[in-house]
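Everything on this sheet refers to the single structure shown next.
The values are calculated or read from the model by the stated rules, or taken from the named source; none is laboratory data. The structure presented is a predicted model; accordingly, all values stated were derived computationally and were not measured. Quick reminder, even Gly has a Cβ in these numbers, built from the backbone with ideal geometry, and neighbours come from all protein chains shown. These accessible areas exclude ligands, DNA and RNA; they are computed on the full protein's heavy atoms, side chains included. Shrake-Rupley method; radii C 1.70, N 1.55, O 1.52, S 1.80 Å.
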Amino acid sequence: MINNHFLNIQLNTHEINSLFQKWKNFKNFTEKLFKIKIFMNIKSKKIEFKSSYKLISLNWFMIKKYTEAVIIGFPVTEASLMLFYDNIYVKSIRLKNNIRNKKKFSRINSLFIGKKGVVKMNIEINAKVRLIIAHSQIHLMGTYKNIKKAELVFY
């Protein structure tokens, strides 16, 4: 058991904005599941988790992984799968490392999405992963084996 009853997660400005949209749903779900209190401190750019009883350190780790998945952009219901299954992970791939030209970057980004999201949906269905394309990164959520299968498309 761990003696401290606090967990703080530091956020950037754009992460706070993305979390604001889902805050009510995220807060209600997490407070009911873990029986903890959650506060967002905007001045210090932190999310604070406080519990009145001792949590096992593994639970703090799971809460942190789950919160990071929600901040990235996954819906609360899908990110909650990380809490219930041990073999679900999130992996981020940076596209800017491979592409230097901005026009090529936007073209490749639109090719991954496809017309009406068809290509993105096909990747999700065939590789059995959840895919989010955000700015210069692609985020994959799934089992290790399925993430490796989906990575073959992007490299």
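Would you point out which residue out of F61, F29 is among the aromatic types (F, W, Y), under 18 Å from the mean Cα position of the chain (by Cα) and at pLDDT below 85? Steps first, answer last, please.
Values: F29 fails: at pLDDT below 85.
Step by step, each of F61, F29 is checked, and only F61 is among the aromatic types (F, W, Y), under 18 Å from the mean Cα position of the chain (by Cα) and at pLDDT below 85.
Looking at this structure, is K103 part of a helix (DSSP H, G or I), under 28 Å from L33 (Cβ atoms) and charged (D, E, K, R)? Step through it out loud before you land on a result.
Values: part of a helix (DSSP H, G or I): yes; under 28 Å from L33 (Cβ atoms): no; charged (D, E, K, R): yes.
So K103 does not fit the description; no.
Is at least one residue of the stretch 72-85 more than 27 Å from L131 (Cβ to Cβ), modelled with pLDDT of 85 or more, in contact with a strand residue (DSSP E or B) (Cβ under 9 Å, 6 or more places away or on another chain) and open to solvent by 10 Å² or more (accessible area, probe 1.4 Å)? Let's see the steps before the verdict.
Restricting attention to the stretch 72-85, the residues satisfying the condition of being more than 27 Å from L131 (Cβ to Cβ) are none.
No, every residue in the stretch 72-85 fails to be more than 27 Å from L131 (Cβ to Cβ), modelled with pLDDT of 85 or more, in contact with a strand residue (DSSP E or B) (Cβ under 9 Å, 6 or more places away or on another chain) and open to solvent by 10 Å² or more (accessible area, probe 1.4 Å).
For the stretch 37-54, check the following and say yes or no: at least one residue is part of a loop (DSSP other than H, G, I, E, B), touching a Lys or Arg at 6+ places or on another chain (Cβ under 6 Å), surrounded by 12 or more Cβ atoms within 10 Å (Cβ to Cβ) and not β-branched (V, I, T). Steps first, please.
Let us first name the residues in the stretch 37-54 that are part of a loop (DSSP other than H, G, I, E, B), namely 42-45, 51-54.
Imposing the further condition that a residue be touching a Lys or Arg at 6+ places or on another chain (Cβ under 6 Å) reduces the set to none.
Among the residues of the stretch 37-54, not one is part of a loop (DSSP other than H, G, I, E, B), touching a Lys or Arg at 6+ places or on another chain (Cβ under 6 Å), surrounded by 12 or more Cβ atoms within 10 Å (Cβ to Cβ) and not β-branched (V, I, T), which makes the answer no.
Based on what the data block shows, is E151 more than 30 Å from N8 (Cβ to Cβ), touching a residue at least 60 places away in the same chain (Cβ under 8 Å) and part of a helix (DSSP H, G or I)?
Values: more than 30 Å from N8 (Cβ to Cβ): yes; touching a residue at least 60 places away in the same chain (Cβ under 8 Å): yes; part of a helix (DSSP H, G or I): yes.
Here the answer is yes, as E151 does meet what is asked.
Taking T67 as the residue in question, decide whether it is at pLDDT 75 or above, surrounded by 14 or more Cβ atoms within 10 Å (Cβ to Cβ) and in a helix (DSSP H, G or I). Write out each step before concluding.
Working: at pLDDT 75 or above: yes; surrounded by 14 or more Cβ atoms within 10 Å (Cβ to Cβ): yes; in a helix (DSSP H, G or I): yes.
Answer is yes for this residue.
So, of the residues in the stretch 99-155 that are modelled with pLDDT under 85 and either closer than 18 Å to Y85 by Cβ or among the aromatic types (F, W, Y) (or both), which turns out to be surrounded by the fewest Cβ atoms within 10 Å (Cβ to Cβ)?
Among those that are modelled with pLDDT under 85 and either closer than 18 Å to Y85 by Cβ or among the aromatic types (F, W, Y) (or both), it is Y155.
When only residues in the stretch 14-26 that are out of contact with any strand residue (DSSP E or B) (no Cβ under 9 Å at 6 or more places or on another chain) and at pLDDT 90 or above count, which is least open to solvent (accessible area, probe 1.4 Å)?
N25
Quick one: which residue in N87, N122, N59 is without any contact (Cβ under 8 Å) to a residue 40 or more places away in the chain, more than 23 Å from K24 (Cβ to Cβ) and among the polar types (S, T, N, Q)? Give the steps one after another, and end with the answer.
On the way: N87 fails: without any contact (Cβ under 8 Å) to a residue 40 or more places away in the chain; N59 fails: more than 23 Å from K24 (Cβ to Cβ).
Residue meeting the stated conditions: N122.
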